[in-house]
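Participant: Pasting in a structure now, in structure tokens, and then I'll have a few things to ask.
Computed from the coordinates by the stated procedures, all read-outs in this text should not be read as laboratory data. Everything numeric in this text was worked out from a predicted model, so none of it was measured. Heads up, the Cβs are rebuilt from the backbone with ideal geometry, glycines too, and the neighbour counts pull from every protein chain shown.
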Amino acid sequence: MTAPFEVGGYGYVPATPDDLPLLHGWLREPHVREWWGDPDEEIVLIREGLDLDWVESFLVTTQGTAFAYLQTWDLFGEPGYRPFPEQPPGTRGIDPFIGPPDMLGRGHGSAMLAAFMTCRFGQGAPRFVIDPDPANVRAVAAYRKAGFVAQGERNTDEGRILFMVRDGGRFGTLQ
């Protein structure tokens, strides 16, 4: 299991089964449910991810209080599943959400993502990808602010996405 760490004013605490009730509550919030889907289905997927060695799940904290969830996953970790096969080895997918509604619109989304990725680039991660719904204007703006660059829209098994990339490490950082 990954150890907790702090960077850029944010704490990243590995999620555990004890955190599932908090996460389930956040998944029920209208601003999360709109983009993540059915809370009961999503919490099962998060729970399953806690046991996978190619998925990392974190509660993100600021000033000691948890306010967000962030999961990152190796694009090539699940046998037989290659959502973006053209990506370089070591590429990580990343999926965040802010739970409490009163934490929205404060710049935390882009800041916590940028801090996390900067840390991971320093540890050798080459690239992060993210795939928001193109209609999720708030998320797309936060991802751009965090350094992601849109690569175009795509159709996937889960619907239409805006494929976004942020490079680091040996590929250089996109600005």
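Participant: Over 23 Å from residue 4 (Cβ atoms) and part of a helix (DSSP H, G or I) - does that describe any residue in the range 73-94?
Facilitator: No.
Participant: Hey, any hits in the range 142-161 for a residue that's more than 26 Å from residue 62 (Cβ to Cβ) and either of a type in the set (Ser, Thr, Tyr) or touching a residue at least 40 places away in the same chain (Cβ under 8 Å) (or both)?
Facilitator: Checking the range 142-161: at least one residue is more than 26 Å from residue 62 (Cβ to Cβ) and either of a type in the set (Ser, Thr, Tyr) or touching a residue at least 40 places away in the same chain (Cβ under 8 Å) (or both).
Participant: With the condition kept exactly as written, say whether any residue in the range 26-41 is of a type in the set (D, E, K, R), crowded, with 19+ Cβ neighbours inside 10 Å and at negative phi.
Facilitator: no
Participant: I'd like to verify a number: residues in the range 124-149 that are buried (at least 21 other Cβ atoms within 10 Å of the Cβ), in contact with a strand residue (DSSP E or B) (Cβ under 8 Å, 6 or more places away or on another chain) and either of a type in the set (Val, Ile, Thr) or not in a loop (DSSP other than H, G, I, E, B) (or both), how many?
Facilitator: Qualifying residue count for the region: 4.
Participant: I'm trying to understand the selection: among the residues of the range 95-123, which are among the β-branched types (Val, Ile, Thr) and part of a strand (DSSP E or B)?
Facilitator: The first filter runs over the range 95-123 and keeps only residues among the β-branched types (Val, Ile, Thr), leaving 98, 118.
Hit for the range 95-123 is 98, nothing else.
Participant: Just to be sure, is residue 77 surrounded by fewer than 19 Cβ atoms within 10 Å (Cβ to Cβ), within 17 Å of residue 125 (Cβ to Cβ) and free of Cβ contacts under 8 Å to residues at least 40 places away in the same chain? I'd like the intermediate steps shown before the answer.
Facilitator: Values: surrounded by fewer than 19 Cβ atoms within 10 Å (Cβ to Cβ): yes; within 17 Å of residue 125 (Cβ to Cβ): yes; free of Cβ contacts under 8 Å to residues at least 40 places away in the same chain: yes.
Against the criterion (surrounded by fewer than 19 Cβ atoms within 10 Å (Cβ to Cβ), within 17 Å of residue 125 (Cβ to Cβ) and free of Cβ contacts under 8 Å to residues at least 40 places away in the same chain), residue 77 qualifies.
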